[in-house]
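Heads up, the thing below is written out as structure tokens.
The values are calculated or read from the model by the stated rules, or taken from the named source; none is laboratory data. The structure displayed is predicted, hence computed values, not measured ones. A quick note on method: Cβ atoms are made from the backbone with ideal geometry, for glycine too, and the neighbour counts reach across all protein chains shown. Ligands, DNA and RNA are stripped out before the accessible areas are found, and what is left, the full protein with its side chains, is counted by its heavy atoms. Shrake-Rupley method; radii C 1.70, N 1.55, O 1.52, S 1.80 Å.
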Amino acid sequence: MNLLEKLDSAAAARKALLPDGIGAFGIPIEEVYSATEARIGNRRVLLLGTNNYLGLTFAPECIQAAHEAIDKEGTGTTGSRMANGSYYGHRALEKEFAEFYRCSSGIVFTTGYQANLGTISGLVGPGDTVLIDGDSHASIYDGCVLSGADIIRFKHNDMVDMEKRLRRLDDRTETTLVIAEGIYSMLGDQAPLAEIVRLKKAYNCILLLDEAHSLGVLGETGQGLVEQTDLLEEVDFITGTFSKSLCSIGGFCVSNHPQLEQLRYVSHPYIFTASPSPATIASTRAALQLLRTGSHLRKQLWSNCTQLYAQLNEAGYQLGPDPGPVIAAVVDTPQQALLLWQKLLEHNIYVNLILPPAAPEGKSLVRCSVNAAHTAEQIKYVGETFSKLYSLVNG
Ligand code: PMP
């Protein structure tokens, strides 16, 4: 098979799963009305498939900050952080992240994906080891591949398996980077951070925690799992993204290790790409302030999460182990997932469809994400619709 034929065969496999005309992936959102409603085709839909956890996409403070930055600094930096792309705002945001996490330094990247790529490939290299959770996000896998380090996976959230692999590494643990996520994006479950910290200390490794989905969601001030578990001081590097609770695009890494600064000189995903636009940085700075003081938003978010989790659970759906802003109904086959996804859309509810190999353990997922802007009535309607569709999908 030549290169183009290989793509044809992958396309045929996808078409066999998803008949023509069903654009479950990359479906165009024609108009956005608010943090919870949009138009898809000719339907006004409820958005239950975004990562807008605090519901801040239309926060006036963020919109105004972005407008002012465009007026003052233009639409883009047209260059990388290493060259002409480090404006006052990029540095200010780095300081604000460092201060938020009580760390000595912070680095801003152009996306959350690049934050993981840049941090991992800057920290480890050929001859080193990365020990990662089996359900890690693609940006973590790709960062590990880019680094050239040996990649070892432990079973998702399985601490016995993690320790077994650490034991086998023997004296190589000293050059091992352990990576986990605050909240996992497929099933919405949390890492057993206390146990991971215990092991990383016992085996003398370095620990990186990706708080992409937990920033703004967990902890009194929204730092994430580190705050909820009171383990901030024990994690060596924290990465995260601006594209979820902070409602823009970009990523960061913070640490108390002074060596973080060296990443600016070795990390290709930091050096060889243009920096975030002034408007992006300005709206992120405004959103970070709202996130830090947003305990009322977190309260509303958690009330919505627990309501929907309870309704889906009661309806009989198999769910992830923890209620949270990511709530996934796990079904056995892609056909079941597709049917549920389509029927929800017919009821004007937009959710995410996740098929193998993206979904864990060969299962398929219909994943909802809940946000602080959803009303109790909207959540109730979504729960009731899932309930109504249960026997159709599982019958
Ligand atoms: N880490 C995790 C755990 C993620 O889920 C994502 C995005 N879904 C990223 C990193 C990458 O972030 P971004 O989309 O902002 O590049």
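Evaluating Asp322 against the criteria (1) charged (D, E, K, R); (2) surrounded by fewer than 17 Cβ atoms within 10 Å (Cβ to Cβ); (3) part of a helix (DSSP H, G or I) leaves one unmet condition, (3).
For Leu131, are the conditions met, namely being outside the structural domain of Gly49 (by TED's automatic domain parsing), open to solvent by less than 10 Å² (accessible area, probe 1.4 Å), away from the ligand (no atom under 16 Å from the Cβ) and in a strand (DSSP E or B)? Answer is yes for this residue. On the given criteria, is Val45 under 30 Å from Gly294 (Cβ atoms), at pLDDT 95 or above and open to solvent by less than 20 Å² (accessible area, probe 1.4 Å)? Yes: the conditions hold for Val45. For the stretch 112-128, filtered to residues that are at negative phi and part of a loop (DSSP other than H, G, I, E, B), the residue that is surrounded by the most Cβ atoms within 10 Å (Cβ to Cβ) is Val124.
Comparison of Ser86, Ser105 shows that the only residue that is closer than 11 Å to Cys253 by Cα and more than 16 Å from the ligand (Cβ to nearest atom) is Ser105. Among the residues here, Leu56 qualifies as buried (at least 16 other Cβ atoms within 10 Å of the Cβ), closer than 30 Å to Gly383 by Cβ and of a type outside the set (Lys, Arg).
Among the residues of the stretch 361-395, the ones that are polar (S, T, N, Q), in a helix (DSSP H, G or I) and either closer than 9 Å to Leu48 by Cβ or open to solvent by 50 Å² or more (accessible area, probe 1.4 Å) (or both) come to 4 in all.
For Leu207, the conditions (1) part of a loop (DSSP other than H, G, I, E, B); (2) in contact with a Lys or Arg (Cβ under 7 Å, 6 or more places away or on another chain) all hold with the exception of (1). Scan Glu220, Glu174, Glu181 and give me the residue that is open to solvent by 60 Å² or more (accessible area, probe 1.4 Å), of a type in the set (Asp, Glu) and under 22 Å from the mean Cα position of the chain (by Cα). None of the other options fit; the residue is Glu220.
Just for the stretch 293-318: of the residues that are more than 22 Å from Ser245 (Cβ to Cβ) and outside any helix (DSSP H, G or I), which one is least open to solvent (accessible area, probe 1.4 Å)? For the stretch 293-318, the residue satisfying everything is Tyr317. Taken residue by residue, the stretch 20-37 has no member that is part of a helix (DSSP H, G or I), surrounded by 11 or more Cβ atoms within 10 Å (Cβ to Cβ) and of a type outside the set (D, E, K, R). Kindly indicate the residue of the stretch 199-213 that is closer than 19 Å to Met159 by Cβ and within 16 Å of the ligand (Cβ to nearest atom) and also nearest to the chain's Cα centre (by Cα) among those meeting that condition. That would be Asp210. Checking each residue of the stretch 244-264 against the condition of being surrounded by fewer than 20 Cβ atoms within 10 Å (Cβ to Cβ) and within 15 Å of the ligand (Cβ to nearest atom) gives at least one match. Filtering the stretch 53-61 for residues that are in contact with a strand residue (DSSP E or B) (Cβ under 6 Å, 6 or more places away or on another chain) and either of a type in the set (Gly, Ala, Ser) or in a helix (DSSP H, G or I) (or both) leaves an empty set. Within the span defined as the stretch 214-235, every residue fails to be within 16 Å of the ligand (Cβ to nearest atom), modelled with pLDDT of 95 or more and assigned to a strand (DSSP E or B). The listed residues are Glu94, Glu68, Glu99, Glu73, and the only one of them that is of a type in the set (D, E, K, R), open to solvent by less than 40 Å² (accessible area, probe 1.4 Å) and in the same structural domain as Asp236 (by TED's automatic domain parsing) turns out to be Glu94.
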